[in-house]
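Read the structure below first, then the notes.
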Amino acid sequence: MAKHKGEKILFLEMGVDRMTPMFIQEPFWEMTQYMRDAFYININPKDAITNPVIREKSLLIGDDINEVLKEASEKIKEGR
């Protein structure tokens, strides 16, 4: 991560539950907070949450992951 510290970075969390947030969510939140050009996306139909400190640098998608990726793929193919 140190090698890419000054670059734009997207932290993408897909379908992680609330059982072990210290392994994925909390490190992603912390890095998003401290890295100027980092952004965090959480795709989870049950637990799409973020740390309030990074709310402006987060996108929460509370839909089914398969549907989200299918829609994203279609938009990419259409050139949008």
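The values are calculated or read from the model by the stated rules, or taken from the named source; none is laboratory data. From a predicted model like this one, the values you see are computed outputs, not experimental measurements. For accessibility, only protein heavy atoms count, side chains too; no ligands or nucleic acids. Shrake-Rupley method; radii C 1.70, N 1.55, O 1.52, S 1.80 Å.
Full extension of the chain between L60 and H4 gives 17.8 nm of extra length, using 0.36 nm per residue less the Cα-Cα distance. Across the chain, the volume of the C-alpha convex hull divided among the residues equals 107 Å³ per residue.
Counting lysine pairs in the chain whose alpha carbons fall under 21 angstrom apart, excluding pairs fewer than 8 residues apart on the same chain, gives 4.
Rolling a 1.4 Å probe over the heavy atoms of the protein chains gives the chain an accessible area of 74 Å² per residue. Ligands, DNA and RNA left out, the 1.4 Å accessible surface of the chain is 55% carbon and sulfur atoms.
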